[in-house]
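Below is the structure I would like to discuss, written out as structure tokens.
The values are calculated or read from the model by the stated rules, or taken from the named source; none is laboratory data. Since the structure is predicted, the reported quantities are computational estimates derived from the model, not experimental observations. Cβ: placed from backbone, ideal geometry, glycine included. Neighbour counts: every protein chain shown. These area figures cover heavy atoms from the full protein model, side chains too; ligands, DNA and RNA do not enter into them. Shrake-Rupley method; radii C 1.70, N 1.55, O 1.52, S 1.80 Å.
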Number of protein chains: 2
Amino acid sequence: MLAPGLIALDWGTSSLRAYLLASDGTVLESRAENWGIMHVPDNDFASAFEQVTRPWRARWPELKAIASGMIGSAQGWVQVPYCACPAGIEELAAALVSVRDGALHIVPGIARFGDAPNMMRGEESQIAGALTLHPELAARSLLVLPGTHSKWVRVEEGRVCDFDTFMTGELFALLREYSILGRPARDAANAPEPEEMEEAFTRGVLVARDAGRGVAKELFSVRALVLAGRLSPAASLEYLSGLLIGDEVRCALSGMNRAGPMALIGEAALCGRYRSALRLLDVENTEVIEGAAPSGLWHIARRAGLVAEPA
Amino acid sequence: MLAPGLIALDWGTSSLRAYLLASDGTVLESRAENWGIMHVPDNDFASAFEQVTRPWRARWPELKAIASGMIGSAQGWVQVPYCACPAGIEELAAALVSVRDGALHIVPGIARFGDAPNMMRGEESQIAGALTLHPELAARSLLVLPGTHSKWVRVEEGRVCDFDTFMTGELFALLREYSILGRPARDAANAPEPEEMEEAFTRGVLVARDAGRGVAKELFSVRALVLAGRLSPAASLEYLSGLLIGDEVRCALSGMNRAGPMALIGEAALCGRYRSALRLLDVENTEVIEGAAPSGLWHIARRAGLVAEPA
């Protein structure tokens, strides 16, 4: 095994992922806990950190650790001030805040200030990773990070220059769980066929694509189509997913500078949905980048001098 | 007291309102229960009907009763087929379905069929009432019924010709209760001053007015503005309300034929919000019509020959 050089934590709202990285950034081992910052036992971040990293720190006590995500928010371990746009690896590495006598360094988020403020925490490290994994994106690109709060990010000269946030993932989950739109699928006896699901998703994307003023008027169609017998209850959530993702993609594409290549960063299945929606809006062959977080954390840590060199 | 001529029920998803009407349509008495169709004890609609109308039917056993709303849906007492657009009092009265040996007649909803189906249940009776209370709206008008599922309705020659549905009320309630956007207000110690609330609402409407592609990109601003210290947690839900109502009004106005006068139908406080939003989008002095449901039910019942004439 390569010599370990760093412990990296992706510590968000709902989960905690820990990586043991080699001194060249290779992932040697990883662990996951359901200890997102809202679910840390007794709200004791120090103890959660000790537990998840104990086997590694016991064996290699000199290893430094770095973390990014909501752990650096007001609800996290310590509130780390945002870096202002434009910001990249250099700015992030210079603004780390440490806890536990320097055992753990927390990466700041990135914010746009002014009249229309916006902020991210965690995505900045995924972006740093994606830009080092794919250097062709660094000069100028448009990066999309689908999720609970999707980010559309303009990159120039290796830095985040500007970005927008869409609450698509949170909205979908709320509508599925609690709204009248989710009821037919909750009551449906059969899961839909894969082909029917894809068809319903595509149909939702196309409705959103053609709704130039936004989907406010189209949301209720999820229910109306089911009541009218024109959409199966089992496939109705796929149609809703297409409607919401289609609306995000249409709105984002028409509002952003699209110069340079585009890429999707995140989990493969969700990125696949965005890739399909982008294709229906005439953006072909968008690259999908997975596993960017540990790579970004390693590059930020190396820039900050935290990576142990092999003996 | 005028002689009673009809019992009218406005029986929706979350509540049941019962009216004793005179033979000329005047409201003599009214009662309200929390027995919306989702909350009827033991799902026993007949027993709920008996209980809420017992004092009136005991005294005037010959009185007929009429009901509209979700009581005529698949989840209600009996599923009453929709009338197709265009439909008005005549079509509704001809399509009543009765239960309890003709003791209770249920008004159908109105539907638009075809590729983009849409439906209403309950609003058709409010519209019938509004058009008889304000005959100047009958020839041609645009009626707005704010609510859980707001309706924007085109009326021609006394009939509902076309309409759209916006899930604004349901969306606001979900975001307030369950989303990250509701958290600052849930945690806020102080209620905002009325002036601050109005200012935040107006601000939300103006952002939505200027978001020509829809508010998908703006929703997260509720959180970002609070985090950046540019919106008080206590007023943040007023801003969200303005954002969602503003988006509905912008989207509806730009998509509908606006020939003829406009009016708002519904509860005064909610209609007031829509009136303010309409004003910010340059639609001045929209009339607000309250208490339209019993009046509409009376007119439909009279057309169907159900109203007892005074002895």
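Which angle from 0 to 90°, rounded to the nearest 10, does the C-alpha axis of helix B:268-280 make with the longest principal axis of chain B?
Relative to chain B, helix B:268-280 is tipped by roughly 50 degrees.
Let me ask you something else. Give the lysines reachable from A:K217 as a straight Cα distance under 29 Å; neighbours fewer than 8 places away on the same chain don't count.
Straight-line reach from A:K217, under 29 Å: A:K151, B:K151, B:K217.
May I pose another question? How many nanometers, to one decimal and shortest first, lie between the label point of A:E199 and those of its other copies, if labels sit 7 Å from Cα toward Cβ?
5.5
Give the Rg/Rh ratio for chain B, taking Rg as the radius of gyration of the Cα atoms and Rh as the Kirkwood radius, to two decimals.
Rounded to two decimals, Rg/Rh equals 1.01.
Something else now. Rounded, prolate or oblate for segment A:43-187? Axes are the square roots of the Cα gyration tensor eigenvalues, ordered a ≥ b ≥ c, and the cut-off for rounded is a/c under 1.5.
oblate
Can you tell me what share of the DSSP beta bridges in the protein assembly as shown is antiparallel? A percent to the nearest 5 is fine. Before the final figure, lay out each step's value.
Numbers: 66 of 96 bridges.
DSSP beta bridges in the protein assembly as shown are roughly 70 percent antiparallel.
For segment A:52-120, state which trypsin sites (Lys or Arg not before Pro) are in a DSSP loop and have at most 15 other beta carbons lying within 10 Å of their beta carbon. Intermediate values should be presented prior to the final figure.
Details: sites: A:R57, A:R59, A:K64, A:R100, A:R112; in loops: A:K64, A:R100.
Those satisfying the criteria are A:R100.
Please figure out what share of the DSSP beta bridges in chain A is antiparallel and state it in percent, rounded to the nearest 5. Spell out each step's value before the answer.
Working: 33 of 48 bridges.
Given both bridge residues lie in chain A, the antiparallel proportion sits at roughly 70 percent.
May I pose another question? Semi-axes of the protein assembly as shown's equivalent ellipsoid from the Cα gyration tensor, sqrt of 5 times each eigenvalue, largest first, rounded to whole Å?
Computed over the protein assembly as shown, the values are 55, 24, 23 Å.
Return the value, in Å² to the nearest 100, of accessible area buried between chains A and B (probe 1.4 Å, both sides summed).
3700
Write down the percent of antiparallel bridges among all DSSP beta bridges whose residues are both part of segment A:1-86, to the nearest 5.
In segment A:1-86, DSSP labels about 75 percent of beta bridges as antiparallel.
Now a separate question. Expressed as an acute angle from 0 to 90° and rounded to the nearest 10, what is the orientation of the C-alpha long axis of helix A:236-255 relative to the principal long axis of chain A?
Computed tilt is about 70 degrees.
Dimensions of segment A:167-268 along principal axes (Cα, Å, largest first)?
Sorted largest first, the three principal extents are 46, 30, 24 Å.
Nm distances between the label at A:D101 and the same-position labels in the remaining copies, 7 Å along Cα→Cβ, shortest first?
Result, one decimal in nm: 8.9.
How large a share of the accessible area of segment A:191-278, in percent, is made up of carbon and sulfur atoms when the probe is 1.4 Å and the other protein chains stay in place?
The nonpolar share, carbon plus sulfur, comes to 51 percent.
Loop-only check: which GluC sites (Glu not before Pro) in segment B:195-291 are DSSP coil with at most 15 other Cβ within 10 angstrom?
For GluC sites (Glu not before Pro) across segment B:195-291 that sit outside H, G, I, E and B with at most 15 neighbouring Cβ atoms in 10 Å, the list reads B:E267, B:E284, B:E290.
Whole Å is fine, so just give me how far the alpha carbon centre of segment B:1-58 lies from that of segment B:229-277.
31
Restricting attention to segment B:124-181, which GluC sites (Glu not before Pro) occupy a DSSP loop and are surrounded by at most 14 other Cβ atoms within 10 Å?
Here the GluC sites (Glu not before Pro) that fit, given the DSSP loop and packing criteria, are B:E157.
Also: Distance from the Cα centre of segment A:65-144 to that of segment B:155-172, in angstrom?
Cα centroid to Cα centroid, the span is 45 Å.
At what distance in nm do the modelled label points of B:R230 and B:A74 sit from each other, each positioned 7 Å from its Cα along Cα→Cβ?
Roughly 4.5 nm, to one decimal.
Starting from the residue with the highest accessible area, list A:T26, A:T53, A:T148 in decreasing order, probe 1.4 Å.
Solvent-accessible surface, decreasing: A:T148, A:T26, A:T53.
Sort shortest first the distances from B:P135 to its counterpart in every other copy, using label points 7 Å along the Cα-to-beta-carbon line, and give them in nm.
In nanometres, ordered from closest: 8.3.
Between the chain alone and the structure with every protein chain in place, find the residues of segment B:94-139 that drop at least 50 Å² of accessible area; heavy atoms, 1.4 Å probe.
Going by heavy-atom accessible area, the residues of segment B:94-139 that drop by at least 50 Å² are B:P117, B:M119.
Quick check: residue separation of A:A84 and A:D162 times 0.36 nm, minus the Cα distance between them. What number comes out in nm?
Length gained between A:A84 and A:D162: 27.1 nm.
Follow-up question, since we're still on this one. Axis carrying B onto A: which residue of B has the nearest Cβ, and how far, whole Å?
Minimum Cβ distance to the axis, with residue: B:G214, 1.
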